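**Student:** Got a structure for you, questions after.
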Amino acid sequence: MLPWNYGFHFGAATYIFMGAFYTVLLVVSITVLNALWRTRRGLREGKVEDIRWHSDFHDLSAADRSCRHVLTGEFASRECPHAFDCRECKTHAKLIAVHPPVHAAVSPDADEAELFGMSFPLDRMYHRGHTWARPEADGTMTVGLDDLGARLLGTPDSVELPEPGSRVQVSGTAFRLHKREADVRVLSPVDGEVVETGGVDRGFYLRVKPLSGTIDMRHLLCDSEVKPWLMRELERLQLALSMEGASVPSLADGGVPVSDIAAAYPRTNWDAVCGEMFLEP
Amino acid sequence: MIAETKKTPAARYGMSIDVDRCNGCGSCMVACAVENNVPPAASGATDRTGLTWIRVFRIDNGAEGSGRRSAFVPVLCQHCGKDAPCVSVCPQQAVDVDPATGIVGQMPERCLGCRYCMAACPYHARYFNWWDPTWPAGMEKTLNPDVAPRMRGVVEKCNFCHGRWHAAKAKAVANGKNEIDPADYIPACVEACPSGAIHFGKLNDPATETAQGARHPDSFRMLESLGTDPKIYYHSKKNWVREISSAPRPGLAKENARG
Amino acid sequence: MVREMAKEMDKEFITRGVRRCSTPRFLLWLAPWVAMLLFGAYSAGLCLVKGLNQTNMDNRYAFGLWIFVDLTIIALGAGAFFTGFLLYILKFKELRAVINSAVVIGLVCYSGAMAALMVDVGQPLRAWFTFWYPNVHSMLTEVTFCISCYLTVLLIEYLPIVLKNRKLRDIPSFLVFEFEMHKLIYVLAGVGTFLSFFHQGSLGGLYGVLRGRPFAFREGFFVWPSTFFLFIISAAAVGPSFLIFTTWIVEKITGKRLVKDRVFTLLARISGILLSVYVLAKTVDTLIWINRTSPALGFTASQYYDWKPFGTWILFVEIVLCGLVPALILLTPRLRSRRAWLIPAAALACCGVALNRYVQTVQTLALPTLSFDKFLSYTPSWQEVGTFLGVLAYGVLVYSFSFRYFQIFPQERELRNEVRPQHEEEPVLAGRF
């Protein structure tokens with residue numbers, strides 16, 4: 001094995017064979033060590049949430065990963081290449097330049113908007129994980145659970161909110177909710193530092209101060225995107241319920257989700273349904 | 001494994017076995033076992049799991065009734081040439097052809113027991129220790145102190161009584177000579193054969209009986225067509241005996257009943 | 001109370017959105033396999049403690065059931081490297097549906113083979129000698145090195161599958177490590193392909209180089225006999241077939257659909273193409289062997305088949321019945337889209353490879369080389385069979401455990417409520433999806 005072993009023959013065959021062996025060992029060790037080193041770096045730089053989301057996103061089915069511009073009909077089909085972070089996306093920037101969206105803050109019609117019997121006010125912007133973010137006058141952002149999300153959970157059994165002072169990231173874990181057997185992490189719509197926590201009965205869950213001072217919500221859905229998105233989400237909910245064996249009346253013919261959907265399906269695996277809807281595979 | 005002796009010219013030890021003289025007594029088998037500390041068969045051993053470094057086979061000419069003739073062939077490791085099939089296949093380099101003597105040597109201490117060499121050997125000259133070696137009480141007094149017994153799970157085979165070569169070498173060195181005296185180095189089977197059917201000596205020395213026997217037109221080697229270049233030459237005047245040098249045909253052979 | 005808690009905890013480890021049977025039922029499934037494993041451990045223990053006289057191998061049958069089984073399961077486990085190669089190097093994205101299953105099967109096959117090998121050798125504690133004093137000219141050395149390295153690679157490839165478990169990935173370091181490992185998986189796939197190419201080949205080379213056994217000896221290219229390349233092609237051909245077969249078995253046992261039909265059709269087509277190449281190569285090789293190689297060594301090929309019961313029917317079964325026939329079925333779109341044809345074809349292909357390995361190991365040793373040899377027969381002892389059953393049970397246990405707690409079949413969730421269409425449409429292009 002080593003040149004100083006008794007009986008070691010120096011020859012072309014030995015060099016090729018042992019050379020190949022040591023090369024393989026080297027390549028495999030380097031790969032594993034590289035992965036370990038990157039892991040250490042990722043942990044130190046606080047990339048856990050980012051990685052968790054990318055890993056979850058990767059496991060979503062193709063249909064669940066469709067680009068927001070498919071919702072508005074600008075594309076027939078397209079998979080999001082940035083894990084729903086449109087701030088990075090050149091295609092999104094180009095399309096926005098062509099059709100600039102009307103932001104809720106500018107629009108006068110900032111009041112209650114009813115969509116499919118649920119309340120989806122347009123003064124806030126929505127994350128595909130069913131949370132919303134609203135910029136406040138003092139420069140902070142309020143984060144809450146949208147109406148569909150709230151109805152899915154009804155009255156949650158318990159809520160785990162982050163400590164004030166802790167950081168949240170876009171599509172990282174904002175807070176955790178428990179209902180029956182469901183145990184879901186809810187995605188944060190924005191980056192920032194948590195300054196205040198709310199609750200189920202306070203109308204919001206978190207108040208977040210942006211780290212960089214400016215509020216960037218380009219990755220969130222607003223206005224004309226919300227309705228087609230919601231329609232799709234209701235279809236997904238139907239599919240999720242039927243996958244869990246619940247008998248579902250078709251919501252497309254005007255049915256409205258009740259205020260506590262979980263209670264309406266007491267025997268359905270609620271963990272699976274929530275996992276689908278809150279994008280946690 | 002075996003240090004090259006640069007001073008003596010390389011020998012090619014071989015054998016010339018006269019099949020016509022062999023009467024199947026089996027003394028060679030017994031002498032070999034005694035010399036090399038081959039343990040007696042364990043209980044449950046069959047003729048296919050025993051250790052017989054040299055083994056006498058009975059062959060016949062295939063005729064029936066009064067035309068039937070038999071002969072006896074001792075088969076041992078043929079000590080093939082430099083391309084011995086068993087040498088290149090051992091994964092641990094536990095087998096080599098000694099350049100000084102031409103003997104194909106086996107290192108039981110390094111043997112893993114994978115038995116690949118046994119699959120490679122066309123002469124079935126290699127034997128595996130299926131059991132731990134045990135000697136009945138009292139029999140340990142017959143053990144040869146010059147030869148190491150082998151442990152369970154390793155392969156062993158004839159090595160031309162290499163211990164005797166070492167002893168002859170030591171004696172020669174002690175007497176200040178370079179070459180060993182042929183009378184000092186005689187394998188056990190050669191010594192024991194009552195009819196003198198086995199000749200042992202240097203094939204590359206034309207003066208030896210072995211070399212002359214090998215060059216005789218009635219001499220043949222087994223399975224020469226395989227290109228193994230063995231050093232055991234068999235000699236017979238009978239044509240049907242010489243046929244054992246070639247490939248088998250279904251329906252022809254017989255093993256020694258005492259095998 | 002404790003049982004309830006145990007069941008709850010068990011559920012937490014199971015992937016979201018898939019249904020698994022209840023814990024007691026799972027334990028009931030495991031019980032007979034555990035019993036078989038214990039019996040196997042006992043048999044192997046006997047062989048290790050008392051010696052290989054516990055087997056029916058002897059000086060003529062130096063290799064027996066274990067070597068034959070080892071070679072077969074290594075050939076069947078080739079699906080692991082080949083699927084990895086097709087997916088990560090050639091980008092056949094459709095195979096993502098079966099890669100995890102392939103890795104588990106590969107892991108089980110290789111580790112099982114190593115375990116059986118450790119019992120098979122006379123001195124297992126000396127196994128490191130092959131690494132310390134390697135004989136680079138011996139095929140067995142190449143086999144040892146490559147298989148050891150490849151088993152390590154498979155273990156490393158298995159790690160992300162384990163770490164993706166629902167509960168385990170909550171641990172941040174596991175989550176991040178799995179993510180980083182997955183980014184580098186193509187390196188491991190490449191190394192795995194390189195290693196597998198060589199060890200599948202050298203397993204064939206083991207017999208092809210035996211000049212003392214003209215039945216097995218083949219001429220070849222440089223130092224590699226033709227059996228080197230034939231073994232590689234047959235292993236690559238049968239890997240996808242074995243994946244089809246095992247996936248079908250798992251679907252039957254669990255009562256779930258686990259992969260889309262297009263995945264089966266893709267695997268079938270790959271297997272069919274390679275099987276056809278193999279049948280062609282094997283036929284050419286056999287003809288050369290019959291007419292040139294064997295006679296050159298002084299052994300006429302026909303005499304091998306005069307020894308009963310190994311007549312020429314064996315050649316026919318191996319090449320035609322278990323080679324050409326499944327190849328044709330797997331290549332015919334109308335037939336391979338129907339389970340009734342696909343599954344038997346895949347099984348036949350696997351049998352063909354098993355028969356080939358049998359012929360190379362057992363028939364080679366059965367045939368006499370000296371003209372006064374007899375044709376001898378061999379039946380494995382119960383200890384040998386027991387050890388083999390232990391390896392089989394180990395494989396089933398690891399796979400069952402992996403199936404229950406890890407995402408072996410990513411398409412399972414999508415397929416939960418889909419109705420199986422009558423005829424799945426064939427993808428037009430050869431596999432970049």
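Read-outs: derived from the displayed coordinates by stated rules, not from any lab. Treat the numbers as computed from the prediction; the structure is a model and nothing was measured. All Cβ positions, glycine included, derive from the backbone under ideal geometry; neighbour counts span all protein chains shown.
**Student:** Hey, got the average number of other protein chain Cβ atoms within 10 angstrom for residues in C:180-191?
**Tutor:** Average neighbour count from other chains, rounded to a whole number: 4.
**Student:** Taking the mean number of other Cβ atoms within 10 Å as a proxy for protection, how do you rank B:211-222, C:154-165, C:210-221 from highest to lowest?
**Tutor:** Those peptides, ordered most packed to least, come out C:210-221, C:154-165, B:211-222.
**Student:** How large is the helix-only mean residue ellipticity at 222 nm for chain A, computed as the sum of -39500 (n - 2.57) over DSSP H runs with n ≥ 4, divided by its residue count, in deg cm²/dmol to the nearest 500?
**Tutor:** -10500 deg cm²/dmol
**Student:** What are the ³J(HN,Hα) values, in whole Hz, obtained from phi via the Karplus relation 6.51 cos²θ - 1.76 cosθ + 1.60 with θ = phi - 60°, for each residue of the range A:265-270 in sequence order, with x given for Gly and Pro?
**Tutor:** 10, x, 9, 7, 6, 6
**Student:** Going by alpha carbons, how many degrees (0 to 90, nearest 10) lie between the helix axis of A:226-243 and the longest principal axis of chain A?
**Tutor:** With rounding to tens, the tilt is 70 degrees.
**Student:** Charges at C-beta only: +1 for Lys and Arg, -1 for Asp and Glu. How large is the resulting dipole of chain B about its Cα centre, in Debye rounded to 20?
**Tutor:** Dipole size: approximately 260 debye.
**Student:** Write down the Å³ per residue value for the convex hull defined by the alpha carbon atoms of the range C:1-109.
**Tutor:** Once divided by residue count, the hull of the range C:1-109 is 156 Å³.
**Student:** Where the convex hull is taken over the Cα atoms of the range C:302-361, what is its projected area averaged over directions, in nm²?
**Tutor:** 4.3 nm²
**Student:** I'd like the mean, over residues of C:58-69, of how many other protein chain beta carbons sit within 10 Å of each residue's own Cβ.
**Tutor:** Taking the mean over all residues of the peptide, I get 5.
**Student:** By its C-alpha gyration tensor, with a ≥ b ≥ c as the square roots of the eigenvalues, how is the range A:50-277 shaped: rounded for a/c under 1.5, else prolate for a/b larger than b/c, else oblate?
**Tutor:** rounded
**Student:** If R0 is 35 Å, what FRET efficiency do you get for residue B:184 and residue C:42 from their C-beta distance, rounded to 0.05?
**Tutor:** 0.10
**Student:** Also, quick follow-up: Which translational diffusion coefficient, to the nearest whole µm²/s, is obtained for the range A:1-45 from the Stokes-Einstein equation, given a Kirkwood hydrodynamic radius over C-alpha pairs, 10 °C and 1.306 mPa s?
**Tutor:** My calculation gives 124 µm²/s for D.
**Student:** Explain nothing, just compute: Karplus ³J(HN,Hα) = 6.51 cos²θ - 1.76 cosθ + 1.60, θ = phi - 60°, for every residue of the range B:141-158 in order, whole Hz, x for Gly and Pro.
**Tutor:** Running phi through 6.51 cos²θ - 1.76 cosθ + 1.60 with θ = phi - 60° gives 5, 8, 5, 8, x, 8, 10, 7, x, 9, 8, 5, x, 10, 9, 9, 6, 4 Hz.
**Student:** While we're here: Going down the table (C:164/C:256; C:11/C:256; C:50/C:308), which pairs top 28 Å between alpha carbons?
**Tutor:** C:50/C:308
**Student:** A further question follows. Please state the shape class of the protein assembly as shown: rounded when a/c is under 1.5, otherwise prolate if a/b exceeds b/c and oblate if not, all from the C-alpha gyration tensor.
**Tutor:** prolate
**Student:** Translational diffusion coefficient of the range C:272-397 at 20 °C, 1.002 mPa s, Stokes-Einstein with Kirkwood Rh over Cα pairs, in µm²/s as a whole number.
**Tutor:** In µm²/s, the coefficient is 127.
**Student:** For the protein assembly as shown, give me the percentage of DSSP beta bridges that are antiparallel, rounded to the nearest 5 percent.
**Tutor:** 95 percent
**Student:** PRE reach from residue B:148 (point 7 Å along Cα→Cβ): which of the range B:96-129 fall under 12 Å by backbone N?
**Tutor:** B:106-111
**Student:** Which value results when the Cα radius of gyration for the range C:136-188 is divided by 2.2 N^0.38 Å?
**Tutor:** Against the compact-globule rule of thumb, the ratio is 1.52.
**Student:** Let me know the shape class of the range B:13-245, please: from the alpha-carbon gyration tensor, a ≥ b ≥ c as square roots of the eigenvalues, rounded when a/c is under 1.5, otherwise prolate if a/b is greater than b/c, or oblate.
**Tutor:** rounded
**Student:** If you scale each eigenvalue of the Cα gyration tensor by 5 and take the root, what three semi-axes come out for the range A:18-89, rounded to whole angstrom and sorted largest first?
**Tutor:** Listed largest to smallest, the semi-axes of the range A:18-89 are 37, 17, 9 Å.
**Student:** In what sequence, highest mean first, do C:232-245, A:201-214, B:189-202, A:59-72 appear when ranked by Cβ atoms within 10 angstrom?
**Tutor:** Packing proxy ranking, top to bottom: C:232-245, B:189-202, A:59-72, A:201-214.
**Student:** Further question: Show me B:9-15, A:145-151 ranked by packing, highest mean number of other Cβ atoms within 10 Å first.
**Tutor:** Result, highest mean first: A:145-151, B:9-15.
**Student:** Right, here's the next one. Using amide H atoms built in the peptide plane, which far-off residues or other-chain residues are under 5 Å from residue A:195 H to H?
**Tutor:** Distant-sequence amide H within range of residue A:195: A:165, A:207, A:208, A:209.
**Student:** Apply the membrane-span-like helix rule to chain C: whole DSSP H runs, Cα extent along the own long axis of at least 18 Å, mean Kyte-Doolittle hydropathy at least 0.5. List the helices found.
**Tutor:** Passing helices, by number: C:23-50, C:96-120, C:139-163, C:185-208, C:226-254, C:261-288, C:339-358, C:382-405.
**Student:** Also, I was wondering about something else. Can you tell me the Rg and Dmax of the range C:335-410, counting just the alpha carbons, in angstroms?
**Tutor:** Both quantities, over Cα of the range C:335-410: 19.0, 60 Å.
**Student:** In what sequence do C:384, A:196, A:114, A:233 fall when counting other Cβ within 10 Å, fewest first?
**Tutor:** Ordered by Cβ neighbours within 10 Å, fewest first: A:114, A:196, A:233, C:384.
**Student:** If r is the Cβ-Cβ distance from residue C:10 to residue A:223 and R0 is 51 Å, what FRET efficiency results, to the nearest 0.05?
**Tutor:** Here the calculated transfer efficiency is 0.65.
**Student:** Next question. Please give the residues of the range C:176-210, grouped as numeric ranges, whose backbone N is less than 19 Å from a label point set 7 Å along the Cα-to-Cβ vector of residue B:83.
**Tutor:** Residues C:205-210 fall inside that zone.
**Student:** State the antiparallel share, in %, of DSSP beta bridges confined to the range B:13-245, rounding to the nearest 5.
**Tutor:** About 80 percent, rounded to the nearest 5.
**Student:** Something else about it: In deg cm²/dmol and to the nearest 500, what is the mean residue ellipticity at 222 nm of chain B if only DSSP H runs of at least 4 residues count, each as -39500 (n - 2.57), divided by the residue total?
**Tutor:** My calculation for chain B gives -4500 deg cm²/dmol from helical runs alone.
**Student:** Please compute the average number of Cβ atoms from other chains found within 10 Å of each residue's Cβ in peptide A:263-275.
**Tutor:** 2
**Student:** In nm, to one decimal, how far is the modelled label at residue A:97 from the one at residue C:303, with both set 7 Å along Cα→Cβ?
**Tutor:** 8.5 nm
**Student:** At a Förster radius of 35 Å, what calculated FRET efficiency corresponds to the Cβ-Cβ distance of residue A:231 and residue A:160, to the nearest 0.05?
**Tutor:** According to the calculation, E is roughly 0.65.
**Student:** Can you tell me the Rg and Dmax of the range C:22-408, counting just the alpha carbons, in angstroms?
**Tutor:** Over the range C:22-408's Cα set, Rg and Dmax evaluate to 21.2, 70 Å.
**Student:** Here's a follow-up. In the P(r) worked out for the range B:58-188, what percent of Cα pairs fall beyond 16 Å?
**Tutor:** Cα-Cα pairs in the range B:58-188 separated by more than 16 Å: 72 percent.
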